[in-house]
1. Which net charge results for the neighbourhood of residue 205, defined as the other residues with beta-carbon distances under 12 angstrom from its beta-carbon, given Lys and Arg at +1 and Asp and Glu at -1?
2. Label point 7 Å out from residue 144 along Cα-to-Cβ: which residues of the stretch 179-208 have amide N under 15 Å?
3. Net charge near residue 84: determine it from the other residues with C-beta under 14 Å of the C-beta of residue 84, scoring Lys and Arg +1 and Asp and Glu -1.
4. Could you compute the longest span of the chain free of chymotrypsin sites (Phe, Trp or Tyr not before Pro) located in DSSP loops and having at most 16 other Cβ atoms within 10 Å, not counting the site residues?
5. What number in nm² do you get for the chain if you take the convex hull of its Cα atoms and divide its surface by four?
6. Pop a pseudo-label 7 angstrom from the Cα along the beta-carbon direction at both residue 24 and residue 77 and give the gap in nm to one decimal.
7. Pulled fully out, how much extra length does the chain show between residue 89 and residue 205, if you take 0.36 nm times their separation in residues and subtract their Cα-Cα distance?
Amino acid sequence: MSAPTWAEPLLRLFYPARCLFCQKPVTGKGETVCPLCRTGGLPFTPTGARFAVPGGVCVAPFYYVEPVRELMHRYKFRGRYKLAEPMAAYMADAAEGLPGFDLVSWVPVSAKRLRQRGYDQAQLLARALAGRLWTPLVPTLRKTRDAPPQTGFNTPEARRTNVSGAFAALPKAVADKRILLVDDILTTGATLGACVECLYQAGARSVVCAAFARAGDFGSKTNEDSAVRRGK
Ligand SMILES: [Zn+2]
């Protein structure tokens with residue numbers, strides 16, 4: 001699917017690499033972010049931030065505001081699945097300092113959504129992250145019913161109800177394992193929380209979560225959340 005190595009310089013000539021965030025052309029070899037974005041206030045969460053999800057914590061390198069919101073839109077809805085690789089680089093940085101884990105897994109989309117989109121955005125992030133962390137990528141969950149998207153529900157309670165019973169763990173993959181669970185966006189944590197609970201019920205030893213972006217302001221802030229204000 002990807003171009004051979006020799007074709008890379010040629011492709012670059014006609015299709016210059018674009019900044020992950022603002023999409024302006026970047027010239028440096030292997031660069032994914034333009035100098036302006038690199039130095040100009042991307043919406044990073046503070047180093048070491050841990051966001052609360054029911055039953056655990058989640059790391060996320062960015063807040064879900066522009067230009068991250070637009071990047072996620074390109075990634076999820078416009079077929080730009082190759083963005084998973086540079087996005088996962090930021091997630092790997094955010095995952096530094098987490099306790100060790102035996103495997104990386106992800107919050108799966110439903111079979112119907114997978115057919116529509118052609119790829120599972122959390123799985124691709126998890127795969128790229130697993131590669132960077134030298135940790136196996138293992139499926140641990142399946143979606144048992146096609147719950148409507150969480151974006152249609154505005155309260156933590158409604159979101160919890162919407163995903164309640166929507167996931168089932170694969171016990172053989174999970175028993176006694178320390179799991180790093182990946183999703184694309186952390187909002188209320190209802191989805192990740194439902195998955196964390198499933199994994200513990202199936203015998204996981206520990207579960208920590210990683211997302212690319214932290215969205216919303218639904219309360220339940222951790223101490224680390226407030227450290228954001230100090231850090232900025
Ligand atoms: Zn840029």
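1. 0
2. Inside the label zone: 194-203.
3. Here the count lands on +4.
4. Result, exposed sites excluded: 1-118.
5. Averaged projected area of the chain's Cα convex hull equals 13.1 nm².
6. About 2.6 nm, to one decimal.
7. 39.2 nm is the gain from fully extending residue 89 to residue 205.
Every number here is computed from the coordinates shown, using simple stated rules; none is lab data. Not measured: the values here are computed from a predicted model. Neighbour counts run over all protein chains shown; Cβ positions are idealised from the backbone, glycine included.
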